[in-house]
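Asks: Got a structure here, written out as structure tokens. Questions coming.
FYI, it's all coordinate maths here, none of it is from the lab. For clarity, every value in this text was computed on a predicted model and none was experimentally measured. Here the Cβ positions follow ideal geometry from the backbone for every residue, glycine too, while neighbour counts run over all protein chains shown.
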Ligand code: DAH
């Protein structure tokens, strides 16, 4: 019995000394010292040998076990160290190899312009409000002084969801929503998507607008002009000329269209401005008292202005883009220029 375990020990020592990899070592550890390992089995058989032989046998077994454990851990250390040395010798990093190019995303040009424009108005104290894109006819038309058979409704090619639900055709729909929930003074911008059933070089069925309005006790048209001039000078530069041209919108009275001196020719006349030297960029006016009535405001108490602009149009003028369809197309060759 004793001889037996000594020869097992010898054999194990030999095998462990020859182990050439950490995997080898692990396997040998299992083979001899594991739960069902050879030495473990021997330990279990201790019960079956004569009582007087047990102490000697047990202590030999423990000695062998201990010596194998020591040997295994020494071998492991050695193999780990040589593994590291090998890797240090063979694995080299060539720091002169060019890195991999990871293209990074960026904001869509429409988002960039929307952020820029919103930033100008928030810097003037306007707060941002949003309304639903699937909108009640009431907020999109009725509350803005466009009753059911009003001809101005035809100006906007509306997507109808049902008789009284539409995809909003403009962000002006946010005006009465905000007024219903808040009392003046109001200084609000409402940016967002709007929808019209129309498509050509200058129209796409989904585009972006930014509505702005201000309501208080003594807001005048000159306030509107001042705010818009400041906005235009920040976006198109301080030398841009601004003019208000009389116009009509059912929800403003008086109404105006705002023109700027042509960004291409500076006002001399070119094909972008059809030779006039002026480009129309937004609609505006003094809020019609009928809108206040719909919102539940006393129309004798308040005055205010409103304006609305198309963001794609501002972006097209700013970056000299001649086809609005490029925006939703999302061709990276186009997008990467911004
Ligand atoms: N909602 C108008 C449109 O989409 C733009 C507009 C014009 C908004 C005049 C206004 C305004 O607030 O006063 O064509």
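Asks: Over the range 154-253, calculate the relative contact order: mean separation of alpha carbon pairs under 8 Å at least 6 apart, over the residue count, as a percent. Before the final figure, lay out the partial values.
Replies: Details: 100 pairs, mean separation 21.3, N = 100.
Rounded, it is 21 percent for the range 154-253.
Asks: Can you give the calculated 222 nm mean residue ellipticity of the chain, where each DSSP H run of n ≥ 4 adds -39,500 (n - 2.57) and the sum is split over every residue, rounded to the nearest 500 deg cm²/dmol?
Replies: Details: 12 runs with 140 residues, N = 338.
Dividing the helical sum by the residues of the chain leaves -13000 deg cm²/dmol.
Asks: Another question about this same structure. With viscosity set to 1.306 mPa s and temperature to 10 °C, compute the Stokes-Einstein D of the chain, Rh being the Kirkwood radius across alpha carbon pairs; µm²/s, no decimals. Could you put the intermediate results ahead of the total?
Replies: Details: Rh = 26.7 Å.
My calculation gives 60 µm²/s for D.
Asks: Please rank 263, 134, 291, fewest neighbouring Cβ atoms within 10 Å first, as an exposure proxy. Can you show the working numbers first?
Replies: Working: 263 20, 134 11, 291 25.
Ordered by Cβ neighbours within 10 Å, fewest first: 134, 263, 291.
Asks: Need one word for the range 97-246: rounded, prolate or oblate. Basis is the Cα gyration tensor (sqrt eigenvalues a ≥ b ≥ c); a/c below 1.5 gives rounded, then a/b vs b/c decides. Mind showing how you got there, number by number?
Replies: Numbers: a/c = 1.81, a/b = 1.22, b/c = 1.48.
It comes out oblate by the Cα gyration axes.
Asks: Using only Cα atoms and rounding to the nearest 10 degrees, what angle (0 to 90) does helix 54-90 make with the longest principal axis of the chain?
Replies: 40 degrees
Asks: Could you list 115, 154 in order of exposure, starting from the residue whose Cβ has the fewest other Cβ atoms within 10 Å? Intermediate values should be presented prior to the final figure.
Replies: Values: 115 12, 154 8.
Starting with the residue having the fewest Cβ neighbours, the order is 154, 115.
Asks: Please give the per residue volume of the convex hull enclosing the alpha carbon atoms of the range 175-270, rounded to a whole number of Å³. Mind showing how you got there, number by number?
Replies: Numbers: hull volume 13.9 nm³, N = 96.
In the range 175-270, the Cα convex hull volume per residue is 145 Å³.
Asks: If you don't mind, there's one more thing I want to ask. To the nearest Å, what is the center-to-center distance of the range 268-338 and the range 29-82, using C-alpha atoms only?
Replies: If you average the Cα positions of each part, the centres end up 87 Å apart.
Asks: For the residues 265, 273, 100, what sequence is obtained by ranking on other C-beta atoms within 10 Å, fewest first?
Replies: Fewest to most other Cβ atoms nearby, the residues stand as 100, 265, 273.
Asks: Another one. Decide, for the range 2-90, between rounded, prolate and oblate: order the square roots of the alpha carbon gyration tensor eigenvalues as a ≥ b ≥ c, take rounded if a/c falls under 1.5, and otherwise choose prolate if a/b is larger than b/c, else oblate. Can you show the working numbers first?
Replies: Values: a/c = 3.48, a/b = 2.96, b/c = 1.17.
Note, shape of the range 2-90 comes out prolate.
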